[in-house]
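Report on the following structure.
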Amino acid sequence: MLQTAQIIQIKPQDNVAVAVHDLPAGTEVCPGLVTREPIPQAHKIALQPIPAGGAILRYGVALGYAKADIAPGSWINEHMLDLPESPALTDLPYGTHLVPVEELPRPTRTTWMGYRNKTGPAGTRNLLGIVTTVQCAAGVLKVAVERIKRELLPKYPHVDGVVAVTHPYGCGVAINAPLAKIPIRAVTNLIRHPNFGGEIMVVGLGCEKLTYDRVLPPEDITPENVLTLQDYPGHDAMMQAILDMADKKLQKLEQRRREELPLSELVIGMQCGGSDAFSGITANPSAGYAADMLVRGGGTVLFSEVTEVRDGVPMLAARCVDAATRDRLAEEMQWYDDYLAAGGVDRDANPTPGNKKGGLANIVEKAMGSIAKSGTSPIVEVLSPAEKPTKHGLIYAATPASDIVCGPSQLASGIGLQVFMTGRGTPYGLEVAPVIKVCSRTEMKQHWFDLIDISAGEVATGEKTIADVGTEIFEMILDVASGTRQPYSDQYGFHNDLCIFNPAPIT
Ligand code: CA
């Protein structure tokens with residue numbers, strides 16, 4: 001990596017670099033190279049002459065092909081390059097780039113304080129989770145949860161909170177469509193989220209398509225666990241029934257205590273949103289360093305967002321531990337290619353106006369930065385949306401990249417915490433599991449000083465290394481998971497709605 005006070009070039013073969021700050025025209029950014037025009041912060045500057053049709057290289061990868069001749073010192077914006085083809089999904093390598101576990105960075109701590117569960121990973125919080133089978137019940141449940149928090153929760157000091165898990169699924173949907181298995185699996189697994197301690201509380205309306213037997217085994221469909229609004233005569237009876245059921249669940253949750261646990265009991269997710277061209281240099285590689293520390297310590301890390309890894313599939317395939325994992329990766333990519341094609345778009349429908357303002361020319365550039373949050377560990381398993389992992393280590397969990405869809409998918413997979421990288425800034429948070437937000441630029445942290453938990457911006461200015469910020473993220477993961485620190489989103493109660501991924505038809 002070539003880094004001056006003004007620019008960062010990632011790989012020696014790159015013919016572009018990224019501006020560390022806004023650069024006026026006429027700035028000498030390195031010996032012999034002067035900006036021909038103003039270059040906005042995080043945007044690309046041509047280091048060499050690039051002929052029309054020539055590859056524009058960043059991360060050592062062709063982001064695209066120049067539409068016209070580009071002179072050294074020029075600003076390269078999103079209008080100046082054509083998108084390359086997606087990498088093929090056949091003949092992908094596997095196991096050709098496996099970093100041995102002993103070469104991963106050593107974790108600074110090997111235990112944390114969590115709530116052990118009978119099965120699956122431990123919880124990072126002790127919550128009463130009340131899950132709806134249909135959006136029709138959401139209004140009642142939200143009011144009921146406010147009353148539970150006010151009238152019951154103060155009696156149970158060892159319970160951290162009460163969460164209404166509401167979502168848009170459940171009725172008005174083609175429930176028998178093959179792809180309905182994805183949202184049904186999401187609701188099923190959310191009911192069993194590790195932070196709910198195995199206590200099941202499901203509220204339905206009574207006439208919806210998502211019946212209890214689709215999300216619960218027969219032995220769990222009991223009057224203690226499920227409550228149907230249409231069974232109750234009017235408002236007061238309905239509310240009282242919910243409060244009575246919640247009170248019994250809270251009594252059980254009150255018995256739970258944190259205990260010292262190995263990292264193998266911790267599952268976290270990585271996500272990014274509102275990325276910029278610094279995300280791939282600062283925040284995402286730092287998160288990747290923390291991911292590597294967790295994996296070395298026996299923990300489990302999920303990364304997702306199909307459109308944001310699609311262009312890096314050959315690199316990810318090379319990190320798959322075996323052919324079966326590589327094949328599952330290709331399968332999930334192909335499924336998503338077809339899903340996008342059916343909607344008349346491709347992967348480049350992903351970048352936002354904010355991403356482009358932040359210097360990301362297209363999805364290839366966004367993907368190269370996004371992948372960095374997976375660190376360097378081998379990929380041991382690939383999951384379909386909302387599936388639970390069966391292994392420990394780094395896992396690719398296929399989900400849409402949309403922040404509010406990736407969130408619930410990873411929660412359904414059982415994450416106890418999410419680390420969220422941002423360049424542009426988002427107040428994103430999840431109520432079911434804490435979210436640590438890491439920003440890519442120092443200016444972002446100064447602007448949102450009390451909204452962003454960790455700044456990785458100092459990596460761009462050379463004041464900190466990826467290992468410094470990565471270790472800081474790792475430490476905060478363990479503190480937040482152990483309940484000794486609260487990220488800003490939880491301090492303020494900034495929690496997004498859960499939008500469950502439903503690729504099946506709505507009726
Ligand atoms: Ca996202």
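The values are calculated or read from the model by the stated rules, or taken from the named source; none is laboratory data. Since this is a predicted model, take the numbers as computed values, not measurements. All Cβ positions, glycine included, derive from the backbone under ideal geometry; neighbour counts span all protein chains shown.
Summary of computed values
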{"read-out": "Inter-residue pairs, beta-carbon under 8 Å, first closer than 15 Å to residue 339 by Cβ and in the range 304-317, second more than 16 Å from the ligand (Cβ to nearest atom) and not in a helix (DSSP H, G or I), 6+ apart", "value": "310/86; 310/87"}
{"read-out": "Within the range 486-499, tally of residues that are under 14 Å from residue 403 (Cβ atoms) and part of a loop (DSSP other than H, G, I, E, B)", "value": "6"}
{"read-out": "Counted residues, the range 400-450 - those being part of a loop (DSSP other than H, G, I, E, B) and more than 16 Å from the ligand (Cβ to nearest atom)", "value": "9"}
{"read-out": "Residues of the range 223-274 classified as more than 16 Å from the ligand (Cβ to nearest atom), in contact with a strand residue (DSSP E or B) (Cβ under 8 Å, 6 or more places away or on another chain) and of a type in the set (A, V, I, L, M), total", "value": "13"}
{"read-out": "Single residue of 390, 399 found to be buried (at least 22 other Cβ atoms within 10 Å of the Cβ), on the phi < 0 side of the Ramachandran plot, modelled with pLDDT of 95 or more and among the polar types (S, T, N, Q)", "value": "399"}
{"read-out": "Tally of residues being over 30 Å from residue 356 (Cβ atoms) and touching a residue at least 60 places away in the same chain (Cβ under 8 Å) across the range 225-281", "value": "25"}
{"read-out": "Some residue of the range 471-483 being closer than 30 Å to residue 171 by Cβ, touching a residue at least 24 places away in the same chain (Cβ under 8 Å), in a loop (DSSP other than H, G, I, E, B) and of a type outside the set (S, T, N, Q)", "value": "no"}
{"read-out": "Test for residue 115: is it modelled with pLDDT of 95 or more and either within 28 Å of the chain's Cα centre (by Cα) or among the basic types (Lys, Arg) (or both)", "value": "yes"}
{"read-out": "All positions within the range 279-289 that are in a loop (DSSP other than H, G, I, E, B) and either over 30 Å from residue 464 (Cα atoms) or away from the ligand (no atom under 16 Å from the Cβ) (or both)", "value": "281, 282"}
{"read-out": "Search result, residues across the range 24-42 that are buried (at least 20 other Cβ atoms within 10 Å of the Cβ) and modelled with pLDDT under 95", "value": "29, 42"}
{"read-out": "Single residue of the range 294-331 satisfying the filter (in a loop (DSSP other than H, G, I, E, B) and within 16 Å of the ligand (Cβ to nearest atom)) that is surrounded by the fewest Cβ atoms within 10 Å (Cβ to Cβ)", "value": "309"}
